[in-house]
Amino acid sequence: QTFDQNRAFLENERNTIDIVQRTGDGVVFVAVRSAPQMGRDLGFFAPFLQPQPQEGTGSGFVLDQEGLILTNYHVIEGADQITVRFHNDPRSYPARVIGRAEPLDMALIRVQAPREKLKPMRLADSDQVRVGQKAIAMGNPFGLEFTVTEGIVSAIRRNPNDGSASGKGAFVPTVIQTDAAINPGNSGGPLLNSRGEVIGINTFIYSTTGAFGGQAQSAGIGFAIPINLAKQYLADLKAGKDITAEEIIRSRPRLGVTLSVLSMGEYPENIRRQNRLPESGLMIQQVERGGPAERAGLRAATRTVQLQLRTGQMIELGINGDILLEADGNPINNINDLRAVLLSKKQGEAVNLKVWRDGQTREVRVVPQVIR
């Protein structure tokens with residue numbers, strides 16, 4: 001009896017092999033080079049020391065036959081020279097940045113390469129991704145060109161970085177977690193489903209030191225930006241825009257309020273105690289006329305106190321406005337906590353707020369809107 005190699009594979013293996021063969025040529029190796037930066041004054045030795053250029057590598061994937069490639073912003077950040085290599089092709093092709101979205105950690109580059117090299121990858125509807133489904137990561141970890149790893153979608157969760165000091169994680173409110181091995185160099189590469197469609201952009205990992213970042217080795221907890229988020233901004237990136245945090249905020253639904261933070265030292269303990277205020281939450285200082293918050297009946301502060309900052313500057317803070325405690329069941333300790341929930345909302349979708357008013361809590365349903 002003749003040995004049939006195809007029948008020897010399990011169904012899942014055949015699926016993975018098929019996906020790699022059909023789509024793998026759409027994954028690219030991105031190499032960047034930055035001009036050397038002079039550091040401290042080296043005095044006598046300066047003329048004899050030649051600063052070295054900075055180099056880095058990452059991944060990306062082809063979007064169309066015009067040469068557009070999607071990757072992470074942190075892959076190309078600060079690059080003076082970008083080159084791209086394709087699977088099974090040793091040549092390097094020059095590329096340039098078309099559009100950037102630093103708060104979303106996305107960048108669009110265009111490579112100058114023969115049209116036959118460009119194998120566009122299909123983009124999925126990441127809203128349909130389910131925990132437990134198959135996940136395939138492709139990229140170039142540690143500079144090892146074209147590496148494939150496989151696992152499942154472990155979770156779809158709030159971005160673990162949204163509470164960072166920079167607050168940038170709040171602009172990517174939801175991430176896809178996978179146990180498919182992701183390591184430095186995978187950044188910017190695709191995460192695919194069992195149909196070979198891109199469901200996310202591999203972006204960062206959870207390191208064994210307990211910190212989020214891109215330098216440690218995989219601990220089986222990697223994260224990808226849902227591809228639907230990228231779809232929202234592709235037109236702007238193709239138009240050559242550098243998308244800022246301010247533009248993202250203006251383009252997303254919001255409540256129409258001005259807020260102050262109770263737990264960040266803005267309110268001295270004696271002021272909180274005298275006015276029976278909770279220890280955390282966001283107090284509404286102002287409500288925009290005709291906005292979603294006003295229509296939902298949220299109230300701004302009408303009584304204020306004057307406080308002197310350490311700099312000597314006097315500020316005025318409201319003390320009897322509604323205080324936002326939770327949004328969709330998530331505790332609100334700072335602006336980023338609220339922003340993460342609002343940024344996850346589609347147009348017309350309501351957010352359920354737990355509000356403190358006059359010593360009592362109540363539930364308020366608000367439909368955020370884009371306010372120009």
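Structure values in brief
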item	result
Pick from the stretch 88-101, criterion at pLDDT below 95 and open to solvent by 60 Å² or more (accessible area, probe 1.4 Å), ranking: nearest to residue 33 (Cα to Cα)	90
Residue match in the stretch 317-330 (condition: free of Cβ contacts under 8 Å to residues at least 60 places away in the same chain and open to solvent by 70 Å² or more (accessible area, probe 1.4 Å))	no
Some residue of the stretch 92-108 being in a loop (DSSP other than H, G, I, E, B), on the phi < 0 side of the Ramachandran plot and touching a residue at least 12 places away in the same chain (Cβ under 8 Å)	yes
For residue 243: the one exception among (1) open to solvent by 80 Å² or more (accessible area, probe 1.4 Å); (2) under 20 Å from residue 71 (Cβ atoms)	(1)
Tally, over the stretch 228-240, of residues that are open to solvent by less than 20 Å² (accessible area, probe 1.4 Å) and more than 15 Å from the chain's Cα centre (by Cα)	1
Which numbered condition residue 54 misses (of (1) of a type outside the set (A, V, I, L, M, F, W, C); (2) modelled with pLDDT of 80 or more; (3) surrounded by 14 or more Cβ atoms within 10 Å (Cβ to Cβ))	(2)
Residue selected from the stretch 188-204 under the condition farther than 14 Å from residue 227 by Cα and touching a strand residue (DSSP E or B) at 6+ places or on another chain (Cβ under 6 Å), by the criterion surrounded by the fewest Cβ atoms within 10 Å (Cβ to Cβ)	194
Qualifying strands (runs of 3 or more DSSP E) (wholly inside the stretch 116-196; at least 1 residues being under 16 Å from the mean Cα position of the chain (by Cα))	147-158, 174-178, 190-192
Failed item, numbered, when residue 30 is tested on (1) at pLDDT 95 or above; (2) hydrophobic (A, V, I, L, M, F, W, C); (3) open to solvent by 20 Å² or more (accessible area, probe 1.4 Å)	(3)
Pair list, Cβ < 9 Å and 6+ apart or interchain, from the stretch 266-287 residues that are buried (at least 19 other Cβ atoms within 10 Å of the Cβ) to residues that are of a type in the set (Lys, Arg) and outside any strand (DSSP E or B)	284/299; 287/299
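Yes/no matrix, rows are residues, columns are (1) at pLDDT 90 or above; (2) out of contact with any Asp or Glu (no Cβ under 6 Å at 6 or more places or on another chain); (3) over 20 Å from residue 107 (Cα atoms); (4) not acidic (Asp, Glu):
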position: 132; (1), (2), (3), (4): yes, yes, yes, yes
position: 160; (1), (2), (3), (4): no, yes, yes, yes
position: 173; (1), (2), (3), (4): no, yes, no, yes
position: 184; (1), (2), (3), (4): no, yes, no, yes
position: 195; (1), (2), (3), (4): yes, yes, yes, yes
position: 216; (1), (2), (3), (4): no, yes, yes, yes
position: 223; (1), (2), (3), (4): yes, yes, no, yes
position: 237; (1), (2), (3), (4): yes, yes, no, yes
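The values are calculated or read from the model by the stated rules, or taken from the named source; none is laboratory data. This one's a predicted model, so the numbers in the text were calculated from it and none came from an experiment. Please note: Cβ atoms are built from the backbone with ideal geometry, for glycine as well, and neighbour counts cover all protein chains shown. Note: areas computed on protein heavy atoms with side chains; ligands, DNA, RNA excluded. Shrake-Rupley method; radii C 1.70, N 1.55, O 1.52, S 1.80 Å.
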